[in-house]
1. Among (1) small (Gly, Ala, Ser); (2) under 24 Å from Val61 (Cα atoms); (3) free of Cβ contacts under 8 Å to residues at least 12 places away in the same chain, where does Gly219 come up short?
2. Which of the following residues is out of contact with any His (no Cβ under 8 Å at 6 or more places or on another chain), over 18 Å from Gly32 (Cα atoms) and of a type in the set (A, V, I, L, M): Val192, Val228, Val209?
3. Just for helices (runs of 4 or more DSSP H) wholly inside the range 151-269: which have at least 1 residues that are surrounded by 15 or more Cβ atoms within 10 Å (Cβ to Cβ), at pLDDT 95 or above and of a type in the set (A, V, I, L, M, F, W, C)?
4. So which of Gly181, Gly177, Gly161 ends up being among the small types (Gly, Ala, Ser), closer than 26 Å to Pro249 by Cα and in contact with a Pro (Cβ under 9 Å, 6 or more places away or on another chain)?
5. Can you tell me which of (1) under 11 Å from Leu184 (Cβ atoms); (2) part of a helix (DSSP H, G or I); (3) hydroxyl-bearing (Ser, Thr, Tyr) is the one Ser60 doesn't meet?
6. What's the total number of residues in the range 65-98 that are at pLDDT 95 or above and surrounded by fewer than 21 Cβ atoms within 10 Å (Cβ to Cβ)?
7. Taking the range 157-191 on its own, how many of its residues are free of Cβ contacts under 8 Å to residues at least 12 places away in the same chain and touching a helix residue (DSSP H, G or I) at 6+ places or on another chain (Cβ under 8 Å)?
8. Take the conditions under 28 Å from Tyr152 (Cα atoms), out of contact with any Asp or Glu (no Cβ under 7 Å at 6 or more places or on another chain), surrounded by 20 or more Cβ atoms within 10 Å (Cβ to Cβ) and not basic (Lys, Arg) and apply them to Leu36. Does it pass?
Amino acid sequence: MLVFLFCFSLCACLLSGSLNNFFAKKKLTTIGDGYLFTLLRSIFCLTALFLFALCSRTLSVPSGFTALCGAAYGFLTFLSMVTNTLALSAGSYAATGLICSFQMVVPAFSGFFFWQEPIHYGQYVGMALLLVGQFLCLWQGKQKVSLKWFLYCLICVAATGTLGIVQKIHQNSEYKGELSGFMLVAFSCSVVFLLLAMLFIQRRPRMAVTRKPDMALWGIAAVAGLCVAANNQINTALAGQINSMIFFPTFNGLNLLLTLLISILLFRERFKVRQIVGFVIGLGGIVLLGNVLKLLTGA
């Protein structure tokens, strides 16, 4: 069952990422357009989570602990998106993607420090290989960087990485049964933060929304929102059942490597020899992390 949920969540994440990539390349004009798309996607995500909770009869008033964790998750989701956007505006896409991809290290080691989850020597090697593979896949040569850009990237890494820790905290508590409440509070807060950001952006002509919502935008946002809902709901549940050093690096590593393949097959992006080497090294790192064997045995 864990294997099925893991694969389903990964597919949802890949589809959402592909739709985001399509929108960014074909429909995006200003930062405001990006925020509008993210807002619509989050609203559809929140709607899907509400309907799921209603149909599964898990809709209830969350406890204070769940509400606090959900609010933190919603704020961190918003913060990671904002800092990633600011980093992209202050530096190159490739360099930003490279630095921000290392966010998986934060939740991966959290299990060892906070929940005494064991880490084997081979997993350290696997993590190192996965990071090297990511570096080779994403590095585009020397890039002009600034201190402001680097700080944005660090905040994005910390915020995105801490999302996994919040998931782990909630799903290892006595309130883990309030998963639907956790998700609803999280994305409700995220929508509120996005609305406030939109009001701020509209006051700046260069950043303001230029695109009116049409059927294409609504459709892409709706499908992406459903994918985000499934991905977050499942991953939060899995975070409490699978070792952190196994789950987080595996999911993020496979997501990155498969995204590269999708970029080649669907978006006709060129794959360099260095990236092929990085792809192979990254897969080797995932195998060493013990992900496949652990997931198949349900550990």
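The values are calculated or read from the model by the stated rules, or taken from the named source; none is laboratory data. Computed from a predicted structure; not experimentally measured. Reconstructed Cβ throughout: ideal geometry from the backbone, glycine too, with neighbour counts over all protein chains shown.
1. (2)
2. Val228
3. In the range 151-269, 179-201, 215-239 are the helices (runs of 4 or more DSSP H) which contain 1 or more residues that are surrounded by 15 or more Cβ atoms within 10 Å (Cβ to Cβ), at pLDDT 95 or above and of a type in the set (A, V, I, L, M, F, W, C).
4. Going through Gly181, Gly177, Gly161 in turn, just one is among the small types (Gly, Ala, Ser), closer than 26 Å to Pro249 by Cα and in contact with a Pro (Cβ under 9 Å, 6 or more places away or on another chain): Gly161.
5. (2)
6. 6
7. Summing the residues that are free of Cβ contacts under 8 Å to residues at least 12 places away in the same chain and touching a helix residue (DSSP H, G or I) at 6+ places or on another chain (Cβ under 8 Å) in the range 157-191 gives 0.
8. Spelling it out, Leu36 is indeed under 28 Å from Tyr152 (Cα atoms), out of contact with any Asp or Glu (no Cβ under 7 Å at 6 or more places or on another chain), surrounded by 20 or more Cβ atoms within 10 Å (Cβ to Cβ) and not basic (Lys, Arg).
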